[in-house]
Amino acid sequence: MEHLEELWNNVLAQVEQKISKPSFETWLKSTKLLSYNGSGSTVTIAAPNSFARDWLENHYIHLITGILTELTGEDLLIKFVVQKTRIRTILICQRRLSKQKIMNIMIFHQVC
């Protein structure tokens, strides 16, 4: 995870030098790099909402792709996702795990 944050901070630093401060603050400051596995893989970038995701796809994908290629030496595909969707999925999984733990505890106590 540390590698992802470092890579994304480097990307953002370069983007910030190439676009206006208001544009950077509006569209890129709150993005996160969720995944990068190297060598021809897909890079997943989280945007805060669907409007920002669409804006990034339509206006900044070439800039970000170029910077990532320069930094990694890899030809990468970029996929933008809405961050809330990922967080919601994690919360659902946590709830399911919690329910499973509760059931396991109940079963354990019934057996003992």
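Going from most exposed to least, what order do 42, 31, 26 have by accessible area with a 1.4 Å probe?
Numbers: 42 60, 31 10, 26 80 Å².
Final ranking, largest accessible area leading: 26, 42, 31.
How compact is the stretch 1-82 by the rule of thumb for globular proteins, expressed as Cα Rg over 2.2 N^0.38 Å? Numbers along the way, then the final one.
Values: Rg = 11.6 Å, N = 82, 2.2 N^0.38 = 11.7 Å.
Relative to the 2.2 N^0.38 Å estimate, the stretch 1-82 comes out at 0.98.
The values are calculated or read from the model by the stated rules, or taken from the named source; none is laboratory data. None of these values were measured; they are calculated from a predicted model. Only protein heavy atoms, including side chains, enter the accessible area calculation; ligands, DNA and RNA are left aside. Shrake-Rupley method; radii C 1.70, N 1.55, O 1.52, S 1.80 Å.
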